[in-house]
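Working notes, beginning with the structure itself.
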Amino acid sequence: MVHVIDDIATERVKTLFISDVHLGTRGCQAGSLLAFLKHYEAQTIFLVGDIIDGWRLKAAWHWPAQHNVVLQKLLRKARKGARIVYIPGNHDEFLRGYAGENFGGIELAEEALYQMADGRTALILHGDKFDTVVRNMQWLAHLGDWAYDAAIFINRYLNFVRRQFGLPYWSFSAAAKAKVKQAVNFIGDFENAVIADARHQGADVVICGHIHHATIRQMDGVTYMNCGDWVESRTAIAEHFDGRLELIRWNDAVAQQATALSPIAQELQPAA
């Protein structure tokens, strides 16, 4: 089911799952994420890895004011009573040593098993532990990271030209990945590994990030969900109070003059 929300009035949900924000990079869509966090109020927010990009910050410092506001917004939500759980990924792996700690109301954890409103158990993890390139050939992972940044750079200027002609946003990097057989095969292998881990841990649902490929579907009796990212796709997952799971595609084409934004959501009804 697809529906469009036309106003910016606050929408309340039970849980939000957000991954791959990559604060500290030029590609981070911090403004869109701030509008999203303004629109949605949640009892619990899971930050599913790569929220801060330690790799890029280590190479060259880039931290505009909006990136700081994102962190302040999350801390403010924690102060107001929201439970916020930060599960580090590979780009913010420097936080993994603090698993079990609490900073300003934000809990840190390696991964989590979460009881949903309808009784199902969800496994929440970033997913990089299933990426052999990240684990065993980190130099190659960094090289791929630079290539991805280059693709985002091309996106920015390509879409500037497209806007001048009244054309919609088009992702060069997403199109390139879709054409590369190895990338398609990698996504399939990654998803199968995540599903196998979920089944091993007795989970009905698995929610992850890492590969910047937002999706929600049934696989081998498990609901597989990937949060996507806030670099290109601007996606997140919401759990409603009745247990419905929703993949939100946040479209701010209407908001380019700092007006209200409209998320487009794809819902998956929970199993009976």
Margin query: Just the residues that are within 15 Å of K38 (Cα to Cα) and under 16 Å from the mean Cα position of the chain (by Cα), please, taken from segment 68-89.
Written below: V70, L71, L74
Notebook entry, point to check: Which of the residues belonging to segment 215-247 are at pLDDT 95 or above and among the hydrophobic types (A, V, I, L, M, F, W, C)?
Noted result: V222, M225, C227, W230, A236, I237, A238, F241, L245, L247
Next item on the list: Scan segment 218-236 and report the pairs whose first residue is surrounded by 21 or more Cβ atoms within 10 Å (Cβ to Cβ) and whose second residue is assigned to a strand (DSSP E or B) and polar (S, T, N, Q), with Cβ atoms within less than 6 Å and a gap of 6+ or a chain change.
Entry: N226/T215; G228/T235
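Do you know which residues across segment 202-213 are at pLDDT 95 or above and buried (at least 20 other Cβ atoms within 10 Å of the Cβ)?
Listed by number, the residues that qualify are A203, V205, V206, I207, C208, G209.
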Check: When you look at L57, is it outside any loop (DSSP other than H, G, I, E, B), at pLDDT 95 or above and not β-branched (V, I, T), yes or no?
Finding: no
Note to self: Take the residues in segment 59-107 that are in contact (Cβ under 8 Å) with a residue 12 or more places away in the chain and among the charged types (D, E, K, R); name whichever of them is farthest from K129 (Cα to Cα).
What the structure shows: R79
Check: Given the conditions (1) touching a Lys or Arg at 6+ places or on another chain (Cβ under 9 Å); (2) at pLDDT below 95; (3) not charged (D, E, K, R), and given that L33 satisfies all but one, which numbered condition is not satisfied?
Finding: (2)
Next item on the list: State the number of residues belonging to segment 114-132 that are within 20 Å of the chain's Cα centre (by Cα), of a type outside the set (K, R) and more than 21 Å from E246 (Cβ to Cβ).
Entry: 3
Item checked: 2 or more residues surrounded by fewer than 16 Cβ atoms within 10 Å (Cβ to Cβ) and modelled with pLDDT under 65: qualifying strands (runs of 3 or more DSSP E) within segment 76-178 -> none
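The values are calculated or read from the model by the stated rules, or taken from the named source; none is laboratory data. These figures come from a predicted structure and were not determined experimentally. Glycine also receives a Cβ, built like all others from the backbone with ideal geometry; neighbour counts cover every protein chain displayed.
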